[in-house]
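The values are calculated or read from the model by the stated rules, or taken from the named source; none is laboratory data. Nothing here was measured: the structure is a model prediction, and the numbers come from that model. Glycine gets a Cβ as well: all are built from the backbone with ideal geometry, and neighbour counts include every protein chain shown. Surface accessibility is based on the protein's heavy atoms, side chains included, excluding ligands, DNA and RNA. Shrake-Rupley method; radii C 1.70, N 1.55, O 1.52, S 1.80 Å.
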Amino acid sequence: MELLPLLLTQVHLVDHRGVQDVDCVAIVDGLVQSVGACPEDRSAFRVVDLQGKTLAPGLIDCHVHLSLTPSGAYIEPTEQEELGLWSHHLGAYLASGVTTVLDTGILPEDARAMNQLAATGPSPSLYYLGPLVSPPGGYVHSVLPEFPPATSPQVLREQIADFADLNPVGIKITVESGMLVEVWDLYPQDIQAELMAQDHRLMAHAISPAEATLALDLGAAALVHPVTKPTPEIIARLAESQTPVVSTISVFDTLLWGMEPERFEDPDLAMLVPEAELSAAQNPEWRQQSQALIAQGMLPDSRPWVHRFMARAMDWKRPTQGQVQTALDSVAALHQGGVPIVMGSDSGNWPLFLYEFHGVTSQAEVQLLARAGLSPMEVLTASTSSGAALIGIEGHVGTIAEGYRADLLVLSADPLLDVRAWGEIEGVVSGGVLASPAEWMAGVPKRD
Ligand SMILES: [Zn+2]
């Protein structure tokens with residue numbers, strides 16, 4: 001397919017620097033060539049007039065799990081089916097306006113397979129944290145056994161070496177001792193010393209103020225979740241060091257899918273979410289099993305039959321809404337305290353959960369940032385340029401300016417006037433191609 005350079009005319013443009021109204025944005029070889037005056041000769045371009053629309057940077061989701069399929073533990077896809085689901089997920093990100101993702105927990109062989117899929121079909125730009133380091137006896141190995149723990153400094157060095165060809169943005173470390181009661185071990189001294197000695201950036205999964213403190217002591221450059229109920233001390237420390245925190249409010253908000261059936265009425269779902277996942281998410285038996293797991297998270301001391309009983313007997317909507325509010329309040333407190341907030345959804349999250357749909361959840365997370373009290377401009381910044389800065393690509397992505405990658409959204413309204421405009425996507429530019437969400441889902445040929 002011959003691909004003409006793209007010329008966008010009558011452009012109302014928004015990015016983290018503000019609003020610009022310009023005559024033309026020219027896109028050549030997948031990069032923004034000029035912003036401002038129009039070239040004299042337009043014959044070499046495909047010209048698209050954007051009058052009445054808004055051009056925004058593509059969204060950057062800084063917390064996804066590309067290799068994890070929502071409800072995957074129930075569907076149990078074959079290897080071949082799984083690759084099909086992964087391709088669908090990659091397309092769903094683009095169709096949802098997400099042009100860059102940071103995967104914060106993937107096995108290196110799966111990341112290589114993902115890069116293969118991204119090279120041959122519609123996909124956002126993929127970045128990785130890796131390896132996912134966890135202490136022996138600790139989290140994440142205790143709930144996702146396929147991720148091997150760092151049992152010695154030597155094993156840790158091997159895990160890091162095995163990820164090197166993927167050019168990871170940093171190493172993911174988990175610092176979690178259990179959700180409500182301490183059930184998991186933290187790092188032994190020799191692993192701590194090894195983590196602090198190597199020269200990759202560390203990005204930490206740490207939930208409580210105490211865990212976040214330990215993560216920062218280890219040298220964490222970012223936190224991939226908000227600190228829950230942050231204390232003034234941890235807020236001050238994160239603000240002082242300008243350590244970015246990824247929002248992931250969706251971890252709790254997505255649980256409400258099981259209690260708010262109207263969410264399934266969104267007409268875009270059938271296009272964005274694979275049929276297998278949509279029907280799994282509405283399977284009553286699997287809903288019950290998934291709810292029993294959530295009950296376990298809320299009642300960690302009791303036995304499995306209690307969780308099953310409670311999952312059936314209790315109305316979980318109110319306590320779940322309470323968890324969402326706690327997450328919103330935590331992000332709000334961090335934000336008000338001057339901590340940089342970065343949009344991240346935790347899509348894929350855990351294959352035993354049913355509702356962390358890829359692409360769809362990123363869109364929801366953007367709206368949740370507004371509910372946490374970020375202004376429309378702060379939502380834009382958290383979802384574009386701050387994500388680029390966290391990944392370390394802020395000179396290339398996340399801003400609409402000459403020389404930047406042309407990852408762009410054509411929205412039917414201005415998201416600085418109403419954040420819901422982020423969901424009003426008419427077109428997505430990726431790799432120099434402008435196509436509608438439906439066209440991206442149908443597999444627009446990728447430019448190489
Ligand atoms: Zn995660």
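The table below lists the values:
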{"read-out": "Any hit, the stretch 64-87, residues being assigned to a strand (DSSP E or B), within 16 Å of the ligand (Cβ to nearest atom) and at negative phi", "value": "yes"}
{"read-out": "Residues satisfying the stated conditions in the stretch 239-261, i.e. within 18 Å of LYS229 (Cα to Cα), within 16 Å of the ligand (Cβ to nearest atom) and not hydrophobic (A, V, I, L, M, F, W, C)", "value": "PRO244, SER247, THR248, SER250, ASP253"}
{"read-out": "Extreme residue, farthest from the chain's Cα centre (by Cα), among residues of the stretch 160-198 that are of a type in the set (S, T, N, Q) and farther than 15 Å from THR104 by Cα", "value": "GLN189"}
{"read-out": "Failed item in (1) more than 29 Å from ILE391 (Cβ to Cβ); (2) crowded, with 19+ Cβ neighbours inside 10 Å, with LEU4 passing the rest", "value": "(2)"}
{"read-out": "Criterion (open to solvent by less than 10 Å² (accessible area, probe 1.4 Å), at pLDDT 95 or above and within 16 Å of the ligand (Cβ to nearest atom)) met by exactly one of VAL101, VAL140", "value": "VAL101"}
{"read-out": "Sole exception among (1) open to solvent by less than 40 Å² (accessible area, probe 1.4 Å); (2) within 16 Å of the ligand (Cβ to nearest atom); (3) among the aliphatic types (A, V, I, L, M) for LEU90, by number", "value": "(2)"}
{"read-out": "Residue in the stretch 318-326 that is over 26 Å from HIS205 (Cα atoms), at pLDDT below 95 and more than 16 Å from the ligand (Cβ to nearest atom) present", "value": "yes"}
{"read-out": "Criterion (surrounded by fewer than 24 Cβ atoms within 10 Å (Cβ to Cβ) and within 16 Å of the ligand (Cβ to nearest atom)) met by exactly one of ALA111, ALA119", "value": "ALA111"}
{"read-out": "Filter result for the condition that a residue is of a type in the set (A, V, I, L, M) and farther than 30 Å from TYR187 by Cβ, over LEU85, LEU102, LEU107", "value": "LEU85"}
{"read-out": "Residue selected from the stretch 159-178 under the condition among the aliphatic types (A, V, I, L, M) and closer than 16 Å to ALA215 by Cα, by the criterion surrounded by the fewest Cβ atoms within 10 Å (Cβ to Cβ)", "value": "ILE171"}
{"read-out": "Top-ranked residue in the stretch 209-259 [being among the hydroxyl-bearing types (Ser, Thr, Tyr) and assigned to a loop (DSSP other than H, G, I, E, B); ranked as most open to solvent (accessible area, probe 1.4 Å)]", "value": "SER241"}
{"read-out": "Check on SER43, open to solvent by 60 Å² or more (accessible area, probe 1.4 Å) and polar (S, T, N, Q)", "value": "yes"}
